[in-house]
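Participant: Below are the structure tokens for one structure; questions will follow.
Any read-out appearing in this document is the output of simple, stated calculations on the displayed coordinates, not a laboratory observation. Because the structure is a prediction, the values reported are computed rather than measured. Here the Cβ positions follow ideal geometry from the backbone for every residue, glycine too, while neighbour counts run over all protein chains shown.
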Amino acid sequence: MEIKFTSVARRFGLIASAATVILILVYSIMLVFGFVFLSSPGQPIGDPIFTILEVLIIMMMPAMVMLMIAVHAWAPVRLKAFSLTAFTFMVMLAVVTSCLHFVILVLSRQAVFATQQWFPLFAEFKWPSVAYAVDILGWDIFFAFSMLFGAAVFRGGGLTAWIRRSMIVSGLLALAGLSGVVVGNMNLRNIGILGYVGVFLIVAILLFVLFHRSRHQEE
């Protein structure tokens, strides 16, 4: 495969993948703490962990978009249609998720909104709510498609095969989280969390290794 990966793109990819790994690790730790301290399985995660998670998600979005830009830069010319599609879906996720979590983070602390009877149906991560539905759209659909199209970029064996398989598993697990909507049981959505937190962490680590090993070619 002919890959034109410049030194700038290589450094860009290393920074993006490292930032993604660090942010996902911190997010995972906080998420575990949030679930551990729940008094019941159906209860939403409360403050201060909820606020920390919101901030981390917003910070994570630029890093993940940058990561897919690096994948697009690395991709062979004949496969760039797949990497561009993966990047586009990641941008869609970033826009939807960033807007959603910023609105919740800011407006949930404003009494004029928080005291409204309709506000929980809009902003609480408790099914059913508008926020929950939009979050599912972003992570269980847009993220899943980003991973599945991204997987098509990585052909062959060795490290690229591991990246391809990890992306496919990550995407399929995210799609499987939609089963929670179908049956009305949000505990099933935790399947999706395994995809876009657990397995995607592996994807980001493998991409860091790939970029580190890649030989750059200046144009």
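Participant: Applying 1/(1 + (r/R0)^6) with R0 = 41 Å to the Cβ-Cβ distance of residue 15 and residue 117, what FRET efficiency is obtained, to the nearest 0.05?
Facilitator: Details: r = 46 Å, r/R0 = 1.11.
It comes to 0.35.
Participant: Same structure, new question: Could you give the length gained by full extension between residue 6 and residue 209, i.e. 0.36 nm per residue of separation minus their alpha carbon distance, to one decimal place?
Facilitator: Working: separation 203, 0.36 × 203 = 73.08 nm, distance 1.62 nm.
Here the answer is 71.5 nm.
Participant: Here is a follow-up. Helix 200-213 versus the longest principal axis of the chain: what angle, 0 to 90°, nearest 10, using Cα atoms?
Facilitator: In the chain, helix 200-213 runs at an angle near 20 degrees to the longest axis.
Participant: In addition: So for 134, 153, fewest C-beta neighbours within 10 Å to most, what's the order?
Facilitator: On the way: 134 17, 153 24.
Placing the least packed residue first, the sequence is 134, 153.
Participant: Something else now. Measuring from label point to label point, each 7 Å out along Cα→Cβ, what is the residue 162 to residue 51 span in nm?
Facilitator: Each label point lies 7 Å from its Cα, and together they span 4.0 nm.
Participant: Next up: May I ask you to compute the full-extension gain from residue 77 to residue 155, defined as 0.36 nm times their residue separation minus their alpha-carbon distance, rounded to one decimal in nm? Intermediate results must be reported in sequence, preceding the final value.
Facilitator: On the way: separation 78, 0.36 × 78 = 28.08 nm, distance 1.30 nm.
Roughly 26.8 nm would be gained on extension.
Participant: If you line up the long axis of helix 7-36 against the longest principal axis of the chain, both from Cα atoms, how many degrees apart are they, to the nearest 10?
Facilitator: Computed tilt is about 30 degrees.
Participant: Still on this model: I need the calculated FRET efficiency for the pair residue 109 and residue 194, taking r as the beta carbon distance and R₀ as 22 Å, to the nearest 0.05.
Facilitator: Values: r = 31 Å, r/R0 = 1.41.
E(calc), rounded to 0.05, equals 0.10.
Participant: Gain in length, residue 29 to residue 179, computed as 0.36 nm per residue apart minus the alpha-carbon separation, to one decimal in nm? Provide the component values of the computation, followed by the final result.
Facilitator: Details: separation 150, 0.36 × 150 = 54.00 nm, distance 2.53 nm.
Taking 0.36 nm per residue and subtracting the Cα distance, the gain is 51.5 nm.
Participant: Can you give the Rg/Rh ratio of segment 7-213, where Rg is from the C-alpha atoms and Rh is the Kirkwood radius? Walk me through the numbers on the way to the answer.
Facilitator: Details: Rg = 17.4 Å, Rh = 17.5 Å.
With Rh from the inverse mean 1/r over Cα pairs, Rg/Rh is 0.99.
Participant: So, by mean Cβ neighbours within 10 angstrom, what's the order for 200-207, 158-165 with the highest one leading?
Facilitator: The most tightly packed comes first, giving 200-207, 158-165.
Participant: Further question: So for 135, 47, fewest C-beta neighbours within 10 Å to most, what's the order? Each step should come with its number before you reach the end.
Facilitator: Details: 135 19, 47 11.
Going from sparsest to densest Cβ surroundings: 47, 135.
Participant: Taking the chain as the reference, fit the longest principal axis to its C-alpha atoms, fit the long axis of helix 49-74 to the helix C-alpha atoms, and give the angle between the two in degrees, 0 to 90, nearest 10.
Facilitator: 20
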